[in-house]
1. Go over the candidates 40, 92 one by one and state the one that is in contact with a strand residue (DSSP E or B) (Cβ under 7 Å, 6 or more places away or on another chain) and surrounded by 17 or more Cβ atoms within 10 Å (Cβ to Cβ).
2. If residue 52 meets every condition in (1) part of a helix (DSSP H, G or I); (2) surrounded by 12 or more Cβ atoms within 10 Å (Cβ to Cβ) apart from one, which number is that one?
3. Collect the residues in segment 128-150 that are closer than 21 Å to residue 18 by Cβ, surrounded by 15 or more Cβ atoms within 10 Å (Cβ to Cβ) and touching a residue at least 24 places away in the same chain (Cβ under 8 Å), keeping them in residue-number order.
4. Being surrounded by fewer than 15 Cβ atoms within 10 Å (Cβ to Cβ), in contact with a strand residue (DSSP E or B) (Cβ under 8 Å, 6 or more places away or on another chain) and modelled with pLDDT of 95 or more is the requirement here; does residue 102 meet it?
5. Is it the case that residue 139 is touching a helix residue (DSSP H, G or I) at 6+ places or on another chain (Cβ under 7 Å) and assigned to a loop (DSSP other than H, G, I, E, B)?
6. Between a residue in segment 31-58 that is under 16 Å from residue 95 (Cα atoms) and any residue that is surrounded by fewer than 19 Cβ atoms within 10 Å (Cβ to Cβ) and modelled with pLDDT under 95, which pairs come within a Cβ distance under 6 Å, given they are 6 or more apart or on different chains?
7. With respect to residue 188, is the statement that it is under 18 Å from the mean Cα position of the chain (by Cα) and at positive phi true?
8. So which residues in segment 151-185 are surrounded by fewer than 19 Cβ atoms within 10 Å (Cβ to Cβ), in a strand (DSSP E or B) and under 16 Å from the mean Cα position of the chain (by Cα)?
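The values are calculated or read from the model by the stated rules, or taken from the named source; none is laboratory data. Because the structure is predicted, anything quoted here is derived from the model rather than measured. Don't worry about glycine lacking a Cβ; one is built from the backbone with ideal geometry, like all the others, and counts go over all protein chains shown.
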């Protein structure tokens, strides 16, 4: 059996990244293939590509933002994601928490960190660009908040996030969530169906 390399390039500031994160475990279970989570800085991707957030790009366009919200509602209903709440502080500057994700990987607590921060952003409606709030969220999740937050200013951590973002851009990414199945790129939560199909295609090849 051929096992593809599957990556999920994400930023906590994207609600669609959160929704993807909640659905990925079921795909992993069905396919037997683990997704590799790659923290990237969405603002950095926007600068590199000239892209803008949907809220900015579609401001003043009638019906398109409303349809985007309808798609989120459908996805939430389909997958039973009843804990989802739109964050009232959106958009949030995610630089600290994205560096924190890189630090958490070095510290061996990456999965717990990702779960805690996604939950805080898109279930608990926390202001996750406030250092005190971030620290409280991490402590409540049983993580070493002081150590993790202390590491986000390390040059090694900063450089790794920059490298992740640059590499994502060079592979064709322009936003989050972006998925790669080997070298095939897919953008958006609604492409998860295609991601799963590609995984199965490669496995059976």
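1. Among 40, 92, only 40 is in contact with a strand residue (DSSP E or B) (Cβ under 7 Å, 6 or more places away or on another chain) and surrounded by 17 or more Cβ atoms within 10 Å (Cβ to Cβ).
2. (1)
3. Correct list: 128, 129, 134, 138, 141, 143, 148.
4. Values: surrounded by fewer than 15 Cβ atoms within 10 Å (Cβ to Cβ): no; in contact with a strand residue (DSSP E or B) (Cβ under 8 Å, 6 or more places away or on another chain): yes; modelled with pLDDT of 95 or more: yes.
Considered against the rule, which asks whether it is surrounded by fewer than 15 Cβ atoms within 10 Å (Cβ to Cβ), in contact with a strand residue (DSSP E or B) (Cβ under 8 Å, 6 or more places away or on another chain) and modelled with pLDDT of 95 or more, residue 102 comes out as no.
5. It is false that residue 139 is touching a helix residue (DSSP H, G or I) at 6+ places or on another chain (Cβ under 7 Å) and assigned to a loop (DSSP other than H, G, I, E, B).
6. Correct list of pairs: empty, since none qualify.
7. Yes, satisfied.
8. The one that is surrounded by fewer than 19 Cβ atoms within 10 Å (Cβ to Cβ), in a strand (DSSP E or B) and under 16 Å from the mean Cα position of the chain (by Cα): 185.
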